[in-house]
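Accompanying notes for the structure given below.
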Amino acid sequence: MIAKNLLALIRPKFLMVKRSDASDRFLFNYRKVWFISFILLTVVCTVPVTFFLIVNSRLSHEAIQNENHLRTLRLTSNSRRTIRYFLEERMDALKYIVQKEDYSNLQSNKGLTYILGNLKMGFGGFVDLGVIKSSGHQISYTGPFNLQGKNYSNHEWFINCEERGSYISEVFLGYRQLPHLIIAVKSPMKDGDFYILRATLDMKKFIGIITSTEMIQKSDAFIINREGLLQTPSRYYGDILDKVALPIPPYSSTSQVFKAKDPQGNPVLIGYAYIENSPYIFMVVKKSKEIMKGWYSLQKEMIWFFTVSIMVVLFVILCISTFMVNKIYDADQSRLKAMERLEGSSRLISIGRLAAGVAHEINNPLSVINENAGLIKDMFTLKKGYKEDQRLMELIDDVMESVTRCGEITKQLLGFARHFKPSIQAINLKSTINQTLSFFRKEAQYRDITINMNMPDNLPIIHSDYGSLQQVFFNLINNAFQAVNKDGTIEITASTKKQKYVAVCISDTGCGISHEDQKKIFEPFFTTKSTEGGTGLGLSIIYGILQKLNGDISVRSKIGKGTTFTVILPIQFEGEIQSENTAR
């Protein structure tokens with residue numbers, strides 16, 4: 001039921017009309033009006049929403065990118081300080097040892113073992129400890145490897161440490177053939193010679209600093225040297241000492257963030273920082289897709305919501321446009337029908353005036369015929385031969401009776417056609433209805449329609465307007481004749497109601513009236529016989545007349561069974577009747 005009503009709401013009635021007919025009959029091109037209204041409402045409702053969605057999408061995209069840029073920069077700066085602090089703390093520990101410890105104690109493996117133990121307890125991250133003379137030979141060593149007596153004179157770290165006084169190495173293999181990094185401090189001696197105190201740092205501890213960095217899924221953090229070799233393992237770009245497949249960022253004294261592309265061509269966000277006094281560059285690499293994953297998910301939901309909303313809005317706009325244009329279409333249809341009915345009413349008025357003129361003109365020859373027929377009858381009565389001719393006298397009587405009958409008909413036509421001032425008078429309903437039936441007796445004989453009139457002789461005389469009542473009964477009886485077929489029956493009955501009213505019922509065995517039409521039958525211009533020339537004014541006029549006469553009318557009908565109109569009239573009229581001119 002709901003679906004049916006909804007379909008009726010959005011179904012354009014005007015689309016069923018041919019274009020050629022619509023252009024000739026209607027005020028508007030409804031297809032064009034409907035289409036333009038739909039497009040305009042759609043543009044007005046959807047364009048601002050779409051514009052704000054696009055603007056909001058771009059702003060939120062930029063805001064999230066800026067936020068990720070700041071987070072990456074903050075993460076890079078924090079990790080840079082952590083790495084620098086780790087290296088400087090252990091470098092300061094070595095500097096403290098060479099300043100406070102006696103060289104003789106450092107030459108002893110036992111003394112170095114004791115010092116290494118204290119370093120592990122106090123700082124952690126130390127693997128071994130060794131003393132190298134200026135010749136490059138390691139004179140004392142403590143740790144897990146057999147490096148006693150090794151010569152480092154031609155090693156890069158030894159040369160750099162001798163020149164600079166301290167050194168932090170890159171990750172390299174060395175004699176042990178394992179990736180490791182060292183820190184070394186040069187200490188001068190009293191005789192002008194020097195020695196170097198070298199320590200190997202724990203790679204696990206060093207890597208742990210990187211892996212502890214707060215990272216999002218599918219992002220990476222690692223350290224490279226100035227040549228792009230990995231100093232710590234990477235999640236996506238290789239293991240220690242592999243060449244990283246990313247651009248080496250330019251030197252900067254502060255942490256920086258820039259955009260690049262990975263080997264697969266995917267956009268990435270790279271944050272980097274050069275670690276002071278070391279060969280290391282710390283790098284954070286975030287995949288842009290992963291960074292914006294939450295935004296993409298939200299954007300997808302927003303697009304789905306926007307799409308569904310637009311579909312709902314378009315449906316509502318379609319319903320509203322169709323409903324409004326349908327209303328205009330219905331109004332235009334009503335206008336056309338009203339014009340047709342007014343045209344019919346105008347023709348009826350013209351016919352009424354013509355009938356009055358014809359009746360008036362017929363009265364003149366009827367008077368002449370009546371007078372001449374009377375004169376002929378008088379002349380025939382003077383002559384015995386004619387007087388005794390019964391057949392001849394009957395013919396003359398028939399002529400005079402027909403003239404009288406025609407006079408009555410023309411008088412009644414004048415009564416219907418002319419507008420008389422209403423007046424209240426005593427009326428015999430039975431006689432009034434009989435006079436009205438005289439208009440229909442010939443038609444009843446021709447169509448074999450039976451008229452049963454059951455009105456008691458003691459029916460009270462009522463006080464009302466004669467012409468108005470004659471019009472009421474004429475229209476009701478005429479409707480009954482139009483409703484019944486050949487061999488039909490029309491029955492007229494009357495009775496007294498509550499000693500104050502008289503009820504006249506006019507029933508027929510015609511086609512009947514539907515329940516829906518019964519609700520609208522007394523409305524002006526409503527008719528079920530528009531194709532047969534019906535104007536829809538008869539019953540509405542009857543209803544208005546009876547209201548003026550303080551009466552009422554009701555209908556009872558069944559399809560295929562027949563119809564009964566009941567007219568209620570007061571016996572005594574109270575108040576003054578108003579003419580149509582006065583009512584206006």
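The values are calculated or read from the model by the stated rules, or taken from the named source; none is laboratory data. Fair warning: this is a prediction, and the values are worked out from it, not measured in the lab. Cβ: placed from backbone, ideal geometry, glycine included. Neighbour counts: every protein chain shown. These area figures cover heavy atoms from the full protein model, side chains too; ligands, DNA and RNA do not enter into them. Shrake-Rupley method; radii C 1.70, N 1.55, O 1.52, S 1.80 Å.
Data overview
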{"read-out": "Mean separation of Cα contacts under 8 Å (6+ apart) over length of segment 57-186, as relative contact order %", "value": "15 percent"}
{"read-out": "Spin-label pair E394/N78, simplified geometry with 7 Å Cα→Cβ offset, distance in nm", "value": "13.4 nm"}
{"read-out": "Heavy-atom accessible surface of segment 58-205: percent carbon and sulfur, 1.4 Å", "value": "49 percent"}
{"read-out": "Segments 242-251, 486-495 sorted - mean Cβ within 10 Å per residue, highest first", "value": "486-495, 242-251"}
{"read-out": "Cβ-based net charge around D128, under 11 Å, with every Lys or Arg adding one and every Asp or Glu removing one", "value": "+2"}
{"read-out": "Given K498/K548; K337/K558; K498/K520; K110/K150; K120/K243, the pairs whose alpha carbons are separated by over 24 Å", "value": "K337/K558; K498/K520; K120/K243"}
{"read-out": "Global form of segment 151-292, assessed from the alpha-carbon gyration tensor, a/c cut-off 1.5", "value": "prolate"}
{"read-out": "Point-charge dipole on Cβ atoms (K/R +1, D/E -1) for segment 33-155, about Cα centre, debye to 20", "value": "200 debye"}
{"read-out": "Per-peptide average of other Cβ atoms within 10 Å, ordering 89-98, 392-401, 224-233 highest first", "value": "224-233, 89-98, 392-401"}
{"read-out": "Förster radius 25 Å - calculated FRET efficiency between I39 and W304, Cβ distance, rounded to 0.05", "value": "0.50"}
